[in-house]
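Written below as structure tokens is the structure these notes are about.
The values are calculated or read from the model by the stated rules, or taken from the named source; none is laboratory data. Worth saying up front: this structure is predicted, and the values here are computed from it rather than measured. Reconstructed Cβ throughout: ideal geometry from the backbone, glycine too, with neighbour counts over all protein chains shown. Side chains are part of the model used for accessible areas, which takes the heavy atoms of the whole protein and leaves out ligands, DNA and RNA. Shrake-Rupley method; radii C 1.70, N 1.55, O 1.52, S 1.80 Å.
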Amino acid sequence: HWQRMREKALKEETACWTDKEMLELTLQYIYTRGDVNEIASRLLAKFKTFSKVLDANVSDLASVKGVGRSTAEKIALLPKIANFYNVSCARTHKIVINCTQDCINLARAYLSNLEHERLYMFCLNKNLEVTNDYVLGEGQESLVKTSVEEIMLKVAQSKSSAIIFAHNHPSGKITPSFADNNFTKKITQVLCLYGVRVLDHVIIGANNLYYSYQNYGDIQAYKNDVKH
């Protein structure tokens, strides 16, 4: 059965697979022996979908009969592996930013499948090619704790002409917080004074939802305040 599933996955697109089929295939790499059908059924009965199984915390996963702590930890690590794959792919190819949608796609590539908040800064050259990416902070206080001095040092070292900021809201909501707005306004205006453009600050939420400061006109408004 396992061999048939692997051959099927290699020969066809898996997007049309059911959550049960994909979960069984995934569990085969964790359980080297035995039938994973019943365990997959129990996991889906508790968490409903494949993605919610992978997003569940270790304690909740371990509470499912037949899973256990060790297996729960392996399942919980899968989204981290998927995120690293996305980031690795993005770093492998030259990324040129031509529009706001490119900023959003870049943010999604780096911030998908993360269970905690992370703040990225992307540095671009004069041709708007992404040359560097930096993690400025982790956790809900990352924007508050990030200093302007730290950002300016990285901008100077990378000789950047433009910057993109991106972070995620693991809660799923994309509405900017007071800290989000305060950080974006402050850093956009400081960089503007030094001739460095902030192209966007993108917030990634659940279900492909996002908030783009550029789309809502906030970036330009902050720059106009500096000119006035």
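Some values worked out for this structure:
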item: Test: residue 15 is under 30 Å from residue 169 (Cβ atoms), open to solvent by 30 Å² or more (accessible area, probe 1.4 Å) and more than 24 Å from the chain's Cα centre (by Cα); result: no
item: Enumeration of residues in region 23-39 that are surrounded by 20 or more Cβ atoms within 10 Å (Cβ to Cβ) and either part of a loop (DSSP other than H, G, I, E, B) or at pLDDT 95 or above (or both); result: 36
item: Candidates 80, 46, 52 - the one that is in contact (Cβ under 8 Å) with a residue 24 or more places away in the chain, open to solvent by 80 Å² or more (accessible area, probe 1.4 Å) and basic (Lys, Arg); result: 80
item: Residues of region 164-179 satisfying the condition of being among the polar types (S, T, N, Q) and surrounded by 14 or more Cβ atoms within 10 Å (Cβ to Cβ); result: 168, 177
item: Residues that are assigned to a loop (DSSP other than H, G, I, E, B), open to solvent by 70 Å² or more (accessible area, probe 1.4 Å) and over 21 Å from residue 185 (Cβ atoms), drawn from region 113-163; result: 113, 115, 126, 127, 159
item: Among residues of region 180-228, those that are open to solvent by 30 Å² or more (accessible area, probe 1.4 Å) and among the small types (Gly, Ala, Ser), counted; result: 4
item: Counted residues, region 103-112 - those being polar (S, T, N, Q) and either closer than 21 Å to residue 131 by Cβ or assigned to a helix (DSSP H, G or I) (or both); result: 1
item: Residue count, region 56-102 (criterion: outside any loop (DSSP other than H, G, I, E, B) and within 24 Å of residue 133 (Cβ to Cβ)); result: 20
item: Flag if residue 92 is touching a helix residue (DSSP H, G or I) at 6+ places or on another chain (Cβ under 8 Å), of a type in the set (S, T, N, Q), more than 15 Å from residue 204 (Cβ to Cβ) and open to solvent by 20 Å² or more (accessible area, probe 1.4 Å); result: no
item: Tally, over region 164-184, of residues that are in a helix (DSSP H, G or I) and aliphatic (A, V, I, L, M); result: 1
